[in-house]
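The next block holds one structure in the form of structure tokens; read it before the comments.
Every read-out reported here was derived from the displayed coordinates using simple, explicitly stated rules and does not represent laboratory data. Keep in mind that what you see is a predicted model, and the values were worked out from it rather than measured. Please note: Cβ atoms are built from the backbone with ideal geometry, for glycine as well, and neighbour counts cover all protein chains shown.
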Amino acid sequence: MQKTARILAISLMLLCFISFVTHALTLDVQMGFDHNQASVGWIPVWMEISSEELPFQGEIVLSTTHYNILRSQQRQEEYRIPLSIPAFSKRQYRAVVWYSGSPYQIRVEANDIVHWENQIQLDHKGQLANQVLVISDHGTGFEFLRQNELPTQVFYSQPRYLPVEWLGYQTIDTIIMHDADLHALSSAHVDAILNWLVPGKSLIWSGSGGYQSISSPLFRRLFPMEVRLKQTLTFSESENLTHPLLNSVNQLEIWQTQVEEAHIWLAYEQHPLVIHNHIGHGDVYFLAFDLEAPQLRIDQQRHWLFGELIAQKRWPRTATVSMDGLTAKILASGVWHGPSRYFLIIMIILLSCALIGLFYSIQVRKRNVLLLVFGLLVINGVSFLALLLVFNDTQRSVNRLMMDVAFIQKHPLSNRAIVEGYHTLIVTGVGDPEVTLRRTQGSITTLAPNADSLFNLLTTIVRPESVSIPLHTETEWGVAGFRTHYVAELPIFIDVAQSGELLRLKITNQSEFSVDQNYLHYEGKWYVLGPVLPYQEQFFIMERNRFGHSSLNAALPKIESLLVNRNSPDVLRQLLEETVLKELAANNYGDELWLMSVLQGNGFQQIVQLSGAGSREFYGFLLTPISLMLKE
Amino acid sequence: MRLVLIERFLIVFVSDLYAHLHSRFFWVWNLLLVGGVGFILLLMWPDGLIRGFERPLVGVGYGYALSSGLILINLHLIEGMFSFADRYSVREWKQYGHFSMSEIVMAKALSIVVLNLVLIMNTIPLGLLVVFVDGLSYTMLGTVIMRVLVIAVTTGWIQLSIGETVGRFAWLVSGIVAVILIGALIITQMTLWILVGISMVLLLDLILDFFGLVFR
């Protein structure tokens with residue numbers, strides 16, 4: 001009996017102790033890449049949370065400040081990630097967030113009680129022409145790339161910290177896989193890297209490391225070839241002098257590979273040294289030798305090799321990748337389709353006439369005053385029905401209007417484009433809209449710098465497994481701004497050739513979009529080309545220094561007459577186009593050839609969908625670097 | 001023949017109402033109100049762009065223009081230009097008709113309600129147009145109309161009291177009241193129950209003359 005009482009007492013004390021214990025949580029965070037380095041843009045966040053006590057349910061809140069252009073003030077923006085962790089366990093969470101240069105506050109909270117809090121000051125790196133991510137277990141060894149002619153920024157990351165969304169790699173131009181333990185990569189990682197690669201990025205796979213590296217699922221997806229054991233090549237003195245890479249190399253250990261000749265980028269006799277493959281419009285290279293080989297440890301050789309590979313197919317980068325600076329202008333230009341001023345004037349005249357008619361009946365014709373009641377009811381009823389008849393469709397569409405401004409970048413010969421979409425959703429009346437994005441092709445960010453506070457769910461992060469976001473509005477009037485990043489099919493191909501003073505340009509439009517207008521940047525001048533209809537091909541021939549305008553502003557068509565209704569949707573569309581084109585043209589394009597095209601159509605509806613009835617205004621601005629296609 | 005209370009009430013009410021409805025000046029009021037509200041709407045009409053995240057201000061403009069117009073009309077400030085020959089004042093009804101103050105005041109108060117209803121109903125088509133440009137929702141239009149009706153009726157009642165008690169300088173007092181009311185309407189969120197309270201007190205004073213009892 002005494003023993004039982006003692007056990008009970010101890011159990012009670014233990015229970016009391018447990019009930020008083022707070023949630024002992026620890027959070028390990030990496031933002032951006034190794035050492036929290038990042039440049040402005042979408043950056044990956046890796047978090048590992050461990051609970052040393054009871055199970056925990058709450059939220060991870062990532063907050064930062066962004067300058068809100070519309071409200072002219074700094075505004076706190078938040079990502080919220082639902083968190084659920086069993087007792088005595090660890091769990092990893094990943095997200096991709098927008099980094100604008102401001103520090104991030106991270107906290108774990110449940111029921112408005114903060115259980116863990118920290119501030120992350122990222123090591124802000126400038127966005128250079130070429131951003132390289134080295135995926136390696138060592139975090140060093142590629143500093144020589146910074147001496148490249150092309151200004152290059154090098155980031156390092158271990159495989160476990162890699163994002164599982166392609167958007168997390170958005171700021172990166174080239175990935176180098178070097179001696180990394182890849183067993184931590186999931187199929188989502190592989191899909192993300194492939195999706196990032198497809199529009200035209202580059203990946204270089206170093207032959208360092210053991211067999212586990214080349215037997216990884218990612219390698220097999222990138223290089224469909226047979227890799228056997230390693231062998232040692234011996235070079236004669238006369239041979240090795242001929243090639244910058246093999247200069248002063250006597251022996252080199254390489255992987256034996258069996259690959260088609262078309263894929264060999266560099267070989268020694270019958271032994272492939274560098275193997276090349278296309279993934280969509282992206283390029284992948286496999287270096288069959290160990291970069292850490294003692295004979296190759298001269299920076300000059302590696303410098304030459306990477307300089308060649310990276311320069312093979314580099315996307316010229318625009319000065320600003322994000323259109324953040326344009327958001328205010330885009331949102332301020334939401335075209336409104338309501339009745340015009342003229343309709344109001346007609347309404348006032350008709351109403352006055354009806355009143356004069358009523359006056360005439362009652363005062364002059366001495367009709368019964370009951371006619372007044374009847375007359376007023378008729379006037380109101382008829383006006384309501386007439387308005388309903390004329391504007392019902394318009395009003396219904398205004399009830400759920402999505403402005404979709406897409407900033408599209410594409411390789412001239414690729415049919416896959418990277419789209420940065422800015423969406424303004426105007427919701428009036430009853431019913432919450434839902435926006436759906438195909439997860440495999442892109443991400444919705446709810447951290448729209450100008451998202452309206454009327455939408456209370458806008459700051460909830462969309463996890464990779466989510467496919468749609470419901471936007472709940474508490475009032476009858478709400479506007480949401482959000483941004484999407486996705487890859488979409490856009491079969492518009494551009495070919496260019498130069499002969500003497502003439503530049504020939506062929507635009508093949510195999511898409512459903514109509515190319516309203518094309519503007520060519522050629523030797524510092526802007527040339528206005530014509531439109532290209534859907535499923536048509538158009539040739540343009542230009543003579544150097546003829547009919548070009550020194551600025552795009554001069555090249556744009558003018559709204560000439562003062563009598564033009566500047567509020568009509570057509571004129572507003574033109575004004576919006578002008579605004580965005582001028583902003584895009586403000587970038588420094590140097591002497592390179594660029595083509596700016598204005599697209600019209602129904603938008604990329606197969607990827608970003610708006611639920612329920614409503615209309616969608618799409619404005620597409622395609623920016624294509626065509627210097628790389630130039631043929632003499 | 002001795003008239004019962006309801007009959008005397010109806011005589012004053014119908015007479016006052018007809019005096020307005022059969023006067024061309026009432027219709028000029030109507031046209032001025034429609035024109036004035038329409039003009040304000042024209043000035044505030046959305047220029048085709050969704051500015052920032054804000055709802056078009058035209059709905060607010062409709063409410064303010066209608067309220068201000070009705071305040072001016074009810075305070076008889078526009079009336080100075082016209083004359084309603086068939087309309088008798090409270091004093092005249094009392095003197096020539098031998099009706100009691102309560103009958104006259106109640107009948108005139110109801111007449112003000114009906115006249116304001118007619119004035120507001122004339123501008124509802126403009127309000128509906130505002131709904132179609134998303135300046136107001138249907139619910140908000142209903143709320144605005146009810147609010148405007150209360151403001152207009154209470155202003156009419158205040159003017160009834162001013163007209164009967166102030167005398168020669170009634171237009172001056174009405175002008176000051178108009179400035180205060182429109183200012184309160186635009187600058188501050190005017191609380192309607194205060195306005196209703198004031199107008200009820202003034203009406204009761206007309207009937208019971210308790211101000212006269214207190215300040216004599």
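For chain B, what is the largest minus smallest coordinate of the Cα atoms on each principal axis, given in angstrom and ordered from greatest to least?
Here the Cα extents, ordered largest to smallest, are 66, 37, 31 Å.
Would you work out the relative contact order for chain B, in percent, from Cα pairs under 8 angstrom that are 6 or more residues apart? Present the calculation step by step, with values, prior to reporting the outcome.
On the way: 196 pairs, mean separation 59.6, N = 216.
RCO, chain B: 28 percent.
Which GluC sites (Glu not before Pro) in the range A:114-210 pass both tests, a DSSP loop state and at most 12 other beta-carbon atoms within 10 Å? If you can, show how the numbers build up before the last one.
Values: sites: A:117, A:143, A:149, A:165; in loops: A:149, A:165.
Answer by residue number: A:149.
Given 10 °C and 1.306 mPa s, how large is the Stokes-Einstein diffusion coefficient of the range A:116-179 in µm²/s, with Rh as the Kirkwood radius over Cα pairs?
Roughly 122 µm²/s, to the nearest whole number.
Could you tally the net charge around residue B:102, taking each other residue with its Cβ under 14 Å from the Cβ of residue B:102, Lys/Arg +1 and Asp/Glu -1?
Residues near residue B:102 contribute -1 overall.
Just need the relative contact order of the range A:130-312 here, percent rounded to a whole number, with Cα pairs under 8 Å and 6+ apart.
The normalised contact order for the range A:130-312 reaches 20 percent.
Over the alpha-carbon set of the range A:130-312, work out the extent along each principal axis and list the three values in angstrom, largest first.
48, 35, 29
Helix by helix, which DSSP H runs in chain B go 15 Å or more along their axis at the Cα atoms and have an average Kyte-Doolittle hydropathy of 1.6 or more?
B:24-44, B:101-132, B:170-187, B:192-208
Around residue A:92, under 11 Å between beta carbons, what's the net of Lys plus Arg minus Asp minus Glu among the other residues?
+2
Give or take rounding to whole Å, what are the principal axis extents of the alpha carbon atoms in the range A:341-399, in descending order?
46, 21, 11
Among the listed pairs A:201/A:525; A:201/A:506; A:506/A:582; A:410/A:525; A:410/A:506, which are separated by more than 27 Å between their Cα atoms?
Beyond 27 Å between Cα atoms: A:201/A:525.
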